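Read the structure below first, then the notes.
The values are calculated or read from the model by the stated rules, or taken from the named source; none is laboratory data. Being a predicted model, the structure only gives us computed values, none of them experimental. Glycine gets a Cβ as well: all are built from the backbone with ideal geometry, and neighbour counts include every protein chain shown.
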Amino acid sequence: MSTNELPKIDLTQRLAGKVAVITGGAGGIGFATAQRFAAEGAKVMIGDVDQASGERAAEQVGGAFVKVDVTSEEQVNHLFDEAARLYGSVDIAFNNAGIMPPDDDSIETTELPAWQKVQDVNLKSVYLCSRAALRHMTKQSSGSIINTASFVALMGSATSQISYTASKGGVLAMTRELGVQFARQGIRVNALCPGPVATPLLMELFAKEPERAQRRLVHVPVGRFGEASELAAAVAFLASDDASFITASSFTVDGGLTAAYVTPM
Ligand code: NAD
């Protein structure tokens, strides 16, 4: 077959006809992913606790918004059901909402309420969202779930945020198990492990204390923080049929961080 006769595949529209639910889609990695999904042809439902930013984000990607606190079972179920009602199915779930509050710190100073809050928003939410998504996906025998974990699920940090790290370890283990359990039902479940990403909040923090940023950057082989759009590109890949043989994986997008011993000067 000559090159002229090859079937035409539109690689820019890998998500055409798919319906995607994104939690934490009002900002950061979630919003960048909403933009990427929409650009690749998906219908996007944004779920976020921040109503004003969420509505703005949905408008920008031509999608819909539902206000949701991801720690509430009722609200999470409503989010996924609403996506199916509006757009006809739930094909992709990007369970991404997460927090990193300052009162979650060293185990010596982190009190139970701070511990519990992070467990609820970062880990319980992934259980609730995966369950809500699976109710739709098992019926149609297809779907892709991507849960946001972190590089700290893979390596230890001396600058501890103990509940955050434990929550992301939980996300990773739960994702692996779901990926294995639902593989024969046509549903893929993968964990995204971002390295440090240049989201506005993190950059604001580091602008105030540049030595803190430097202390972290020295461990990243590529020598810079990631961009939200670089994470979004990876999520779009995992969501698409290009990743049809990838499930139960810990998909690391970290500029080489977790593989590094000595980094370049
Ligand atoms: P972000 O703060 O920019 O965005 C998080 C979004 O989640 C916000 O829109 C926020 O309103 C929403 N949210 C928070 N609590 C919620 C709740 N209870 N219910 C619904 N929505 C809620 O953060 P980000 O940097 O884009 O992080 C996204 C995910 O990536 C998080 O799970 C985070 O832990 C993870 N992550 C981030 C980094 C990084 O360096 N930024 C690194 C590794 C992992």
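Among residues of the stretch 25-64 being within 11 Å of the ligand (Cβ to nearest atom) and assigned to a loop (DSSP other than H, G, I, E, B), the one that is surrounded by the most Cβ atoms within 10 Å (Cβ to Cβ) is GLY25.
Scanning the stretch 140-175 for residues that are within 18 Å of ASP254 (Cα to Cα) and in a helix (DSSP H, G or I) yields PHE151, VAL152, ALA153, TYR164, THR165, LYS168, GLY169, VAL171, LEU172. Apart from one condition, ASP81 fits all of (1) out of contact with any strand residue (DSSP E or B) (no Cβ under 6 Å at 6 or more places or on another chain); (2) surrounded by 24 or more Cβ atoms within 10 Å (Cβ to Cβ); (3) more than 26 Å from LEU205 (Cβ to Cβ); the exception is (2). Against the definition (charged (D, E, K, R) and either within 16 Å of the ligand (Cβ to nearest atom) or in contact with a strand residue (DSSP E or B) (Cβ under 8 Å, 6 or more places away or on another chain) (or both)), how does LYS8 come out, yes or no? The answer is no for LYS8.
Among the residues of the stretch 101-139, just one is away from the ligand (no atom under 15 Å from the Cβ), assigned to a loop (DSSP other than H, G, I, E, B) and surrounded by 18 or more Cβ atoms within 10 Å (Cβ to Cβ), namely THR110. Of all residues in the stretch 70-99, those that are in contact (Cβ under 8 Å) with a residue 40 or more places away in the chain have Cβ atoms under 6 Å from Cβ atoms of residues that are more than 10 Å from the ligand (Cβ to nearest atom) and in a loop (DSSP other than H, G, I, E, B), 6 or more apart or on another chain, in PHE80/VAL90; ALA83/VAL90; ALA84/VAL90; ASP91/LYS18; ILE92/LYS18.
Among the residues of the stretch 239-259 satisfying the criterion of being under 17 Å from VAL152 (Cα atoms) and part of a helix (DSSP H, G or I), which is farthest from the ligand (Cβ to nearest atom)? Per the stated criteria, the residue is ALA259.
Per the listing GLY98, GLY143, the residue uniquely away from the ligand (no atom under 14 Å from the Cβ), under 19 Å from ALA234 (Cβ atoms), small (Gly, Ala, Ser) and surrounded by 18 or more Cβ atoms within 10 Å (Cβ to Cβ) is GLY143. Residues of the stretch 1-24 that are basic (Lys, Arg) and exposed (fewer than 12 other Cβ atoms within 10 Å of the Cβ): LYS8 alone.
Inclusion of ASP81 among residues that are in a helix (DSSP H, G or I), away from the ligand (no atom under 14 Å from the Cβ) and either over 15 Å from the mean Cα position of the chain (by Cα) or among the aliphatic types (A, V, I, L, M) (or both) is warranted.
With respect to GLY186, is the statement that it is of a type in the set (Gly, Ala, Ser) and within 20 Å of the chain's Cα centre (by Cα) true? So GLY186 fails the test. Filtered by the rule that a residue be of a type in the set (Phe, Trp, Tyr) and over 13 Å from ASP254 (Cβ atoms), the stretch 176-225 gives PHE182, PHE206.
Restricting attention to the stretch 229-238, and to residues there that are within 19 Å of ALA26 (Cα to Cα) and surrounded by 21 or more Cβ atoms within 10 Å (Cβ to Cβ), which single residue is farthest from the ligand (Cβ to nearest atom)? Within the stretch 229-238, the match that is farthest from the ligand (Cβ to nearest atom) is ALA236.
PRO196 fulfils the conditions (1) closer than 20 Å to CYS129 by Cα; (2) touching a residue at least 60 places away in the same chain (Cβ under 8 Å) except for a single criterion, (1).
Only one entry in ALA191, ALA207 is within 16 Å of the ligand (Cβ to nearest atom), within 21 Å of MET100 (Cα to Cα) and modelled with pLDDT under 95, namely ALA207.
All told, ALA16 falls short of being near the ligand (Cβ under 10 Å from one of its atoms), at pLDDT 95 or above and outside any helix (DSSP H, G or I).
Filtered by the rule that a residue be surrounded by 18 or more Cβ atoms within 10 Å (Cβ to Cβ) and either within 13 Å of the ligand (Cβ to nearest atom) or touching a residue at least 60 places away in the same chain (Cβ under 8 Å) (or both), the stretch 160-171 gives GLN161, SER163, TYR164, THR165, ALA166, SER167, LYS168, GLY170, VAL171.
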